[in-house]
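The values are calculated or read from the model by the stated rules, or taken from the named source; none is laboratory data. A quick note: this is a predicted structure, and the numbers were derived from the prediction, not measured. Counting neighbours? That spans all protein chains shown, and the Cβs are built from the backbone with ideal geometry, glycine included. All accessible areas refer to the heavy atoms of the entire protein, side chains included, with ligands and DNA or RNA removed. Shrake-Rupley method; radii C 1.70, N 1.55, O 1.52, S 1.80 Å.
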Amino acid sequence: MHGRPRRPDKPEDAAAADAKAAKLRDLQTQVLRNHHSRTYSKEALGLSFKLLELNPEAYTAWNYRKLAFQHNLGELSELEAIKSSIDDELRVVELALRQNPKSYGAWYHRKWLLNQKLAPVDFKREFGLLDKLLKVDARNFHGWNYRRFLAKFMGVPEEEELKYTKDKISDNFSNYSAWHNRSILLSNLLTQQRKGFESKQKIFSEEFELVTQALFTDPSDQSGWFYHLWLLAQTSSPENPQLIASWPSNGAKLSLSSVREANDKQNTPSSFSSICCYSLKEGILPIVLFFNEPVKGLTPSSVSLNSDLVVGKNIQWRPLSVTDSGHSYCWVTYLEVSNLEYCSSQQFSVEASIPNTDDIVSRSGSSYNCPVHFTFTFEPNNIDSITEDTDLIHDPISWDCSEPLPSHVKPSCIHSDQLKITNALIQEESKWHLERLSDELDLFRELPDDNSKFAKLTLARLLLACAAIKSRGSSLIERRGYCEEALGLFNDLIYLDPSHKRYYEDERSLVLMDQLTCNMESFMKYCSVQVLPNLAPLNHVQLCRLSLTCIGFVERLLWVQMLDLSHNNLRSIEGLEALQHLVCLNVSNNQISSFTALKPLTEILSLKVLDLSFNEIGTHPINTTRYICPTPFSHKVEACEAFEECQKKNINVEEFWDAILFFKHVNLVQLGFEGNAIANKENFRTLVVTLNPSIKWLDGACVH
Amino acid sequence: MGCLRFLLLLMQKKDSFESLVMEHIRLNGAYWGLTTLDLLHKLDAVDADEVIQWIMSCYHPESGGFGGNVGHDPHVLYTLSAVQVLCLFDRLDVLDVDKVADYVSGLQNEDGSFSGDIWGEVDTRFSYIVICTLALLHHLHKINVQKAVDYIVSCKNLDGGFGAMPGGESHAGQIFCCVGALAITGSLHHIDRDLLGWWLCERQCKEGGLNGRPEKLADVCYSWWVLSSLIMIDRVHWIDKDKLAKFILNCQDKENGGISDRPDNAVDIYHTYFGVAGLSLMEYPGVKPMDPAYALPLDVVNRIFLRKRD
């Protein structure tokens, strides 16, 4: 019941309302009776006509009319009689639509009739009806759906329909329905490469012009902005997926060890970076590939790995992602190194290459077409001195982000140009993109209405799109400039449009991470090599107190082993799954509210130390990641053995299901969780110790 | 909250014109009303046996579907409501589960889409309904889930939203159906969460309420459609919850109870349910939390999927 005023019933209306109600009740009863007794007489049909005119939503009456139509059709042989029978039905629909232009039942009745294909359709009548309806309500989506149905039904070329959307837009720029239909038609025409639609660049340039006209006419109307965003997204992203980072990076020379004495080794050549690789204890060395968009199809045949080390046939590429999708930005494989016989200074080199291949495809279906080739060398050290997991960490790790990082030791294993992808095709494509975007930038900087939030947001997005293209080249200074300006705009937007504050904060967080990590000089301020007592040196990054709300640009952090993200406003840590060397993570004093939000960490085999203190786990009854990751509710996880194990210990599965799924999949030695609502709940400690038997310290106290 | 008085009154008031116009969707009404009662911890105010008996009188044993009321034709729209109400009372045992599951799964078309009934109307609403019904009955395996998902994905638009059919305009109600169906089938990776999340959070109007499409008026019912979708894709923090809660509460009829679409309009059961459900999704004190995908209280859904089954 939409838009009916709330007024007290006047007594004089009561009688009229009663009469109206009585009439309706009577009609409904009679039509249902005729339906059940299969009475399809003229009189009976007349009653259903009256009912539908009064209440077009009475769906059983539409069904009844379809049955009657089919029944009576059997008795008609002449086309004229059939036509007149169809005409009766079309008239009922028209009257019903007059009562309610959004009646599902009425619109479907019409489609159903046409689909019977019993007589030639009077398209003039059909389009006439639509014109009338869309004139009254240009946004009636039933009308637009019917128009698409008709166009398809009679084979109207999409070029014609595209013209119609332009007419509608010219009538009134504020017609989201018309813009929407335009985007659908254009995509189809471009995909099919129809005549006049061969050049995406030409078409998009024209569309930018059209929509800009609308935006400058009324900058407060949303319709055009959404269309502009679509054009922008099409213009700023490369057509084909690209590899943008890897670990180890191209040319890396690594001296790998699995125990803490790594740095003391004197026979390490100076050109080698020492790194303590915890996964070596399990006899594996992860290789990580990171793409600019989610891809699928990495196999031993689409990615070739050559090495003087016997790679073996069991190379398996695994997508690292929270969702169970097959597509991922980030892929990992584990080289088996346990069965090697090590001499102290033997070096192994690995060559990886991805040729042009149709096996690797993005979500939109475009295939990988910029071949890359990279090599790295490693020298295993001390791999044979296998120790127990818990021995690696002798004392609980304490974090102190107030202490400035020691400036003299910096990780040596990172490179700013992790991959050099030079591909003429991409350069050419980027050139057009950048020109187009620069034109738009100039235009929007001139938009007179300075306080239009959409104008500011679009400007910020244009800047980021330019920044992204710049990263494919080498103009990092320009990139920083774009980031700087975008940050300013997001700060403005937070004040200008406080209702969507947290959207702008998330955007700002990503730009901030980009800015902090995009050049080595500024990034180094946050990096160090952490030498903790009784522990091997770890490549450490400290990003504390930066108001980060979410994580981005993880492709620049693939080498990180110890990460301090404490004292931010993080509610999501998605992306961290790519950090396959991470051993210690501090996310204390953030806004993480569930264990499902920590799902990315279950993908990191090396993770041993986790500080979750002072978050919001257990505070919120509504879990916003309940459906993002595999759970019994999304039919990706069957109620598992761990549930039963917990039930036996009287742990409430309905309350703790997300904790159970998390602790079943991690192998922590140290965990901090004080300052979360869940910490005070009975049985939570039991749950952790039961499912994560390797745990040694809980909230600083020794477990055993 | 005045809702309770309004709801109980409504159950007796069957003869007004307003009730009669809605007669054919009385089973939906039962779901809206009873879920609201449960969210307000008052489900015990109704006689469960009486309700279940009436629900079952809408059942068509020959097809396995439910009609919107006694004597009305079966359709998936009402079959889901019937199943949901039985879930509220934990009484799925009264159903011939296989028969009902056969009815809804039999409506899948070759392209993966679903018809709403034997007459063949196709809509992504029906995809959600069938998937939700089957999941609640633990019979999702009866359909081709992959094809069902592919069809929904083919209805995805360039703004990140979904329409009723391929090419159909994005609409918050339709988005809920598609996001819900993808959530239940573990397929949310098909969604660009940032793109859709921004489109959805821009549904919040100046007065705090949510609309269903750009440049439309705010309406309490979108508190559910938009909020639940935003929660499923983990972007609900992008709207201002306090402002929305105020808008919903402003639509309350403080004299007679109930909630309307907009402030000072006439209240009805549909908007009362969506208002309370919206408050529930925002963790409003005194209201039970709700599951955003199955549109049932969280404890009911947890019981169905986490309780050990034989």
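Brief remarks on what is shown
- Scan of region A:559-579 for residues that are touching a residue at least 24 places away in the same chain (Cβ under 8 Å), under 24 Å from the mean Cα position of the chain (by Cα) and open to solvent by less than 10 Å² (accessible area, probe 1.4 Å), ordered by number: A:L565, A:N568, A:I573, A:L576, A:A578, A:L579
- Within region B:275-300, considering residues that are open to solvent by 10 Å² or more (accessible area, probe 1.4 Å) and of a type in the set (A, V, I, L, M, F, W, C), the one farthest from B:L249 (Cα to Cα): B:L298
- From the options A:R139, A:R110, residue that is within 12 Å of chain B (Cβ to nearest Cβ), over 30 Å from A:E206 (Cβ atoms), touching a helix residue (DSSP H, G or I) at 6+ places or on another chain (Cβ under 7 Å) and buried (at least 18 other Cβ atoms within 10 Å of the Cβ): A:R110
- The residues in region A:203-234 that are part of a loop (DSSP other than H, G, I, E, B) and charged (D, E, K, R) can be counted, and the count is 2.
- Enumeration of residues in region B:171-191 that are assigned to a loop (DSSP other than H, G, I, E, B) and facing chain A (nearest Cβ under 9 Å): B:H171, B:T185, B:G186, B:S187
- Flag for A:K117 being touching a helix residue (DSSP H, G or I) at 6+ places or on another chain (Cβ under 8 Å), open to solvent by 60 Å² or more (accessible area, probe 1.4 Å) and in the same structural domain as A:E161 (by TED's automatic domain parsing): no
- Options A:I592, A:I660: the member that is touching a residue at least 24 places away in the same chain (Cβ under 8 Å) and assigned to a loop (DSSP other than H, G, I, E, B): A:I592
- Among residues of region A:318-347 being surrounded by fewer than 18 Cβ atoms within 10 Å (Cβ to Cβ) and hydrophobic (A, V, I, L, M, F, W, C), the one that is modelled with the highest pLDDT is A:L340.
- Checking B:N265 against (1) open to solvent by 10 Å² or more (accessible area, probe 1.4 Å); (2) out of contact with any strand residue (DSSP E or B) (no Cβ under 7 Å at 6 or more places or on another chain), the condition it does not meet: (2)
- Options B:Y284, B:Y273; residue that is touching a residue at least 40 places away in the same chain (Cβ under 8 Å), more than 7 Å from every other protein chain (Cβ to nearest Cβ) and touching a Gly at 6+ places or on another chain (Cβ under 9 Å): B:Y273
- Region A:152-177, subset open to solvent by less than 20 Å² (accessible area, probe 1.4 Å) and at the interface with another protein chain (Cβ under 10 Å from one of its Cβ atoms), residue nearest to A:L113 (Cα to Cα): A:S177
- Pairs meeting the criteria (first residue in region B:45-63 and touching a residue at least 24 places away in the same chain (Cβ under 8 Å) and within 25 Å of B:Y103 (Cα to Cα), second residue surrounded by 15 or more Cβ atoms within 10 Å (Cβ to Cβ) and small (G, A, S), beta carbons under 6 Å, at least 6 apart or on different chains) are B:I55/B:A82; B:C58/B:G67.
- Extreme residue, least open to solvent (accessible area, probe 1.4 Å), among residues of region A:178-201 that are in contact (Cβ under 8 Å) with a residue 24 or more places away in the chain and assigned to a loop (DSSP other than H, G, I, E, B): A:G196
- Residues that are facing chain A (nearest Cβ under 7 Å) and within 22 Å of B:T272 (Cβ to Cβ) within region B:220-235 comprise just one, B:I231.
- Once region B:108-146 is narrowed to residues that are on the phi > 0 side of the Ramachandran plot and without any contact (Cβ under 8 Å) to a residue 60 or more places away in the chain, the residue that is nearest to the other protein chains (Cβ to nearest Cβ) is B:G120.
- Residue count, region A:613-655 (criterion: open to solvent by 70 Å² or more (accessible area, probe 1.4 Å), at the interface with chain B (Cβ under 7 Å from one of its Cβ atoms) and at positive phi): 0
- Scope region A:681-698; condition free of Cβ contacts under 8 Å to residues at least 24 places away in the same chain and part of a helix (DSSP H, G or I); matching residues: A:R685, A:V689
- Odd one out for B:C251, checked against (1) open to solvent by less than 10 Å² (accessible area, probe 1.4 Å); (2) at pLDDT below 95; (3) not aromatic (F, W, Y): (2)
- Flag if A:N491 is open to solvent by 40 Å² or more (accessible area, probe 1.4 Å), within 24 Å of B:R203 (Cα to Cα) and not in a helix (DSSP H, G or I): no
- Region A:222-241 residues that are within 13 Å of chain B (Cβ to nearest Cβ), paired with ones that are among the acidic types (D, E) and crowded, with 22+ Cβ neighbours inside 10 Å (beta carbon under 6 Å, 6 or more apart): A:F226/B:D159
- Every listed requirement among (1) in contact with a strand residue (DSSP E or B) (Cβ under 9 Å, 6 or more places away or on another chain); (2) more than 14 Å from every other protein chain (Cβ to nearest Cβ) is met by A:H567 save one, (1).
- Test set (1) under 45 Å from the mean Cα position of the chain (by Cα); (2) within 14 Å of chain B (Cβ to nearest Cβ); (3) assigned to a helix (DSSP H, G or I) - A:L90 fails condition number: (2)
- B:D219, sole failed condition from (1) buried (at least 23 other Cβ atoms within 10 Å of the Cβ); (2) assigned to a helix (DSSP H, G or I); (3) under 17 Å from the mean Cα position of the chain (by Cα): (2)
- In region A:338-364, the residues that are more than 22 Å from A:E379 (Cβ to Cβ) and aromatic (F, W, Y) never reach a residue that is surrounded by 15 or more Cβ atoms within 10 Å (Cβ to Cβ) and modelled with pLDDT under 90 with C-beta atoms less than 7 angstrom apart, at least six apart or across chains.
- B:G29 vs. criteria within 14 Å of chain A (Cβ to nearest Cβ), under 27 Å from A:R4 (Cα atoms), touching a His at 6+ places or on another chain (Cβ under 8 Å) and of a type outside the set (S, T, N, Q): no
- Count - residues of region A:540-551 that are over 20 Å from A:T619 (Cβ atoms) and open to solvent by 10 Å² or more (accessible area, probe 1.4 Å): 6
- A:A679 meets all of the listed conditions (1) within 14 Å of chain B (Cβ to nearest Cβ); (2) farther than 30 Å from A:L558 by Cα but one, namely (1).
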